[in-house]
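Single-structure report; data block below.
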Amino acid sequence: MLDAFIFAANAVLPIVLLIVLGFLLKKIGLLTREFLDVGNKLTFRVLLPVMLFCNVYEIERLNEINVPFIIYGIAAVIVIFFIAIAVGCAFTKDAAKRGTLIQSVFRSNYAIIGIPLAASLFGDKGAAAAGVMAAFCVPTFNILAVITLTVFNGSSEKQGINLKKILLGVVKNPLIIGTVSGLAVLGIRELLTVCDIGFRLSDITFLYKSLENVKSVCTPFALIILGGRFEFSAVSKLWKEIVFGTAIRTVAVPVLGLGAALLLREQLGLSGEHFATYVGVFATPVAVASAVMAKEMGADDELAGQMVVWTSLVSAVTIFIYVTVLRTLGVF
């Protein structure tokens, strides 16, 4: 048990401490609101896409991908999405709040916290598995988010789904561009291998090292920015939604996603790196980008911001518990 406790602490606390650092730096005035806004854009538009590109490109061989591992992850996210619609509609009649709550339930902070957490839990294998999942999980999250906020927003009680708007949102999303670009270059590498051509992207040393440097900056910078954006306002008038959404996101979703994976472990051929990735998919807090998207699409962005804050705080404890349990069960 002590070994599991230490393992979980070493994996989770470095992430939590960087978030706390960002919050403290803002409190003492070293991080301004303008800097945080620009930093958030930089993270979303440049750092994260480069990190996702590198993680995908670092996959050794496409034929080594565990397909059942991917299928389960995406299928579970879609199931949770429909459950989120049911519970969100049952909980509130406010369309703007519904959209925010639904998104908060199914959309995790996989890119910023989930991928580095998987790497922390299971090293290079964890990072590689998380990179593979990102190629499928990130587009799924974004497509479902656009659908959610198109149907549930503050302008009307019910709207039709604009397929053109959804497709444009998916195509233009920087995270999707990063993952798809990684897959494309990976596919070219596989083709060169079949043709017995030894050239690789890493042979362009200055370019590859530059990408690796940007990747190394991404996680600590993004976590510090996340901490700096924490706001504790508006809690009193939104406490019911906050408690409800946080409980579903940090307790119900991880128990469902990880629990079912444990039951299907042998049938799906899952190992430690796969569960490290699932922790990132199911147990991490609400995505930071959800608040930005909620504001742009007419949902309750104030509630969305609170959900990012409180699920991040609570998940610092719950992730620790889930990792400890999985370690005790011999998964890691």
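Here Ser216, Ser236 are screened, and the one residue that is over 23 Å from Leu47 (Cβ atoms) and open to solvent by 40 Å² or more (accessible area, probe 1.4 Å) is Ser236.
When you go through Glu273, Glu231 one by one, which is the residue that is in contact (Cβ under 8 Å) with a residue 12 or more places away in the chain, acidic (Asp, Glu), over 19 Å from Thr148 (Cβ atoms) and open to solvent by 50 Å² or more (accessible area, probe 1.4 Å)? Among Glu273, Glu231, only Glu231 is in contact (Cβ under 8 Å) with a residue 12 or more places away in the chain, acidic (Asp, Glu), over 19 Å from Thr148 (Cβ atoms) and open to solvent by 50 Å² or more (accessible area, probe 1.4 Å).
Kindly establish whether Ser104 is touching a strand residue (DSSP E or B) at 6+ places or on another chain (Cβ under 6 Å), polar (S, T, N, Q) and under 22 Å from Val288 (Cβ atoms). So Ser104 fits the description; yes. Of all residue pairs spaced 6 or more apart or on separate chains, those with beta-carbon atoms under 6 Å, a first member in segment 319-332 that is touching a residue at least 40 places away in the same chain (Cβ under 8 Å) and of a type in the set (Ser, Thr, Tyr) and a second member that is open to solvent by less than 10 Å² (accessible area, probe 1.4 Å) and assigned to a helix (DSSP H, G or I) are Tyr322/Pro254; Thr324/Ala4; Thr324/Ala8; Thr328/Ala4. Annotation: of all residues in segment 187-197 being over 20 Å from Ala135 (Cα atoms) and within 34 Å of the chain's Cα centre (by Cα), the one that is most open to solvent (accessible area, probe 1.4 Å) is Val194.
Within segment 282-300, being open to solvent by less than 10 Å² (accessible area, probe 1.4 Å), within 17 Å of Ile115 (Cα to Cα) and either part of a helix (DSSP H, G or I) or at pLDDT below 80 (or both) holds for one residue alone: Phe282. Per the conditions (1) open to solvent by less than 30 Å² (accessible area, probe 1.4 Å); (2) out of contact with any Ser or Thr (no Cβ under 6 Å at 6 or more places or on another chain), the sole criterion not satisfied by Ser108 is (2). Of all residues in segment 90-105, those satisfying the criterion of being touching a residue at least 12 places away in the same chain (Cβ under 8 Å) and open to solvent by 30 Å² or more (accessible area, probe 1.4 Å) are Phe91, Asp94, Lys97, Arg98. Within segment 56-89, restricting attention to residues that are open to solvent by less than 20 Å² (accessible area, probe 1.4 Å) and of a type in the set (Phe, Trp, Tyr), the residue that is modelled with the lowest pLDDT is Tyr57. The sole residue among Leu303, Leu263, Leu268, Leu226 that is open to solvent by 10 Å² or more (accessible area, probe 1.4 Å), aliphatic (A, V, I, L, M) and touching a residue at least 24 places away in the same chain (Cβ under 8 Å) is Leu268.
The values are calculated or read from the model by the stated rules, or taken from the named source; none is laboratory data. Here the structure is a predicted model, which is why all the values come from computation and not from measurement. So basically every Cβ, Gly included, is an ideal-geometry build from the backbone, and we count neighbours across all protein chains shown. For accessibility, only protein heavy atoms count, side chains too; no ligands or nucleic acids. Shrake-Rupley method; radii C 1.70, N 1.55, O 1.52, S 1.80 Å.
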